[in-house]
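What follows is calculated from the coordinates using simple rules that are stated; it is not laboratory data. Keep in mind that this is a model prediction, so the values were computed, not measured. Here the Cβ is made from the backbone with ideal geometry for all residues, glycine too, and neighbour counts use every protein chain on show.
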Amino acid sequence: MTKHRKVLAGIIDELIARDAECSIILGGSMSRGEEREDSDIDVCVWLSREPDPKSFNDLIGEGNRNKMHVFAERDGIKIDIGWKLLDSAPADIPDSQEMVYYPMVLWTIVRDPSGKVQRWVQAMRRWLERHVWVAEVWGKQYDDMCRHKKDPSRPLKYNEQE
C-alpha cells in the first residue's frame, strides 16, 4: 500500500467516525490509479447531517463547504477536500441547469451507503448525454488540466482557477 493510500484510508476512517452514514468520492490521479509522490488527494464528502460548527476541523469546516480546495495536509500530502449535505444531491438535473460539476462524473465512489451519490452521478451523466457539446468541451479541458499537472511545462489553454 502506498503512502497516499495509507493516508486516504486514515481520512476515510476519520470521516466515517464523524458520520457513519457519509458518502465519499475520490477524484484526481488517485481515482485513476495514477498518483505520484507529489500528488494530492482529492476527496468530496457527502454528510448525512449538518455538522456542529464546534466540531469543524481540517477536513470538515465552513471554508470548504460546497467547494473543493486544499484544506488539510497529512504526512506531507495535500488534501483537496470539500463537503456537501447528502440531501443536496438532486435525483435529476433539469435541462435548465446551466452546468454540472464535470470532473465528479469521472470520480470513484468509495462509499455510498444511501445510494444517493450514485443516483446524483447518474443524473449528471444523463445531463451530459443531453448536452454532448458541453461534455466534449469540458472533457478536453479536463484532459488538458490532467496533462498539465503531469507536465507543468505544458501550457493550459484556459485559466485553471476559473
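K116: which aspartates and glutamates have alpha carbons under 18 Å from its alpha carbon, excluding same-chain residues fewer than 8 sequence positions away?
Excluding near neighbours in sequence, the set is D19, E21, E50, D87, D92.
Can you tell me which lysines have their Cα less than 18 Å from the Cα of K149? Leave out same-chain residues fewer than eight positions away.
List returned: K78, K140, K157.
In whole angstrom, note down how far apart the Cα centers of the range 1-31 and the range 36-80 are.
Distance between centres, Cα-based: 10 Å.
Using the crude model of +1 on Lys and Arg Cβ and -1 on Asp and Glu Cβ, and no other charge, please compute the dipole size for the chain relative to its Cα centre, in debye to 20. Each step should come with its number before you reach the end.
Values: 25 positive and 29 negative charges, 61 e Å.
The calculation lands at about 300 debye.
For Cα Rg over 2.2 N^0.38 Å, pick the label among (1) 0.95; (2) 1.13; (3) 1.05 that corresponds to the value derived from the coordinates.
Derived directly from the coordinates: (3).
Out of the DSSP beta bridges found with both residues in the chain, what percent are antiparallel (nearest 5)?
Values: 13 of 21 bridges.
Looking only at bridges with both residues in the chain, the antiparallel portion is about 60 percent.
List every DSSP H helix in the chain whose Cα atoms extend 18 Å or more along the helix's own long axis and whose mean Kyte-Doolittle hydropathy is at least 0.0. Before the final figure, lay out the partial values.
Details: long enough: 3-18 (23 Å, 0.09); 116-130 (21 Å, -1.22); 132-150 (27 Å, -0.95).
Result, helices passing both filters: 3-18.
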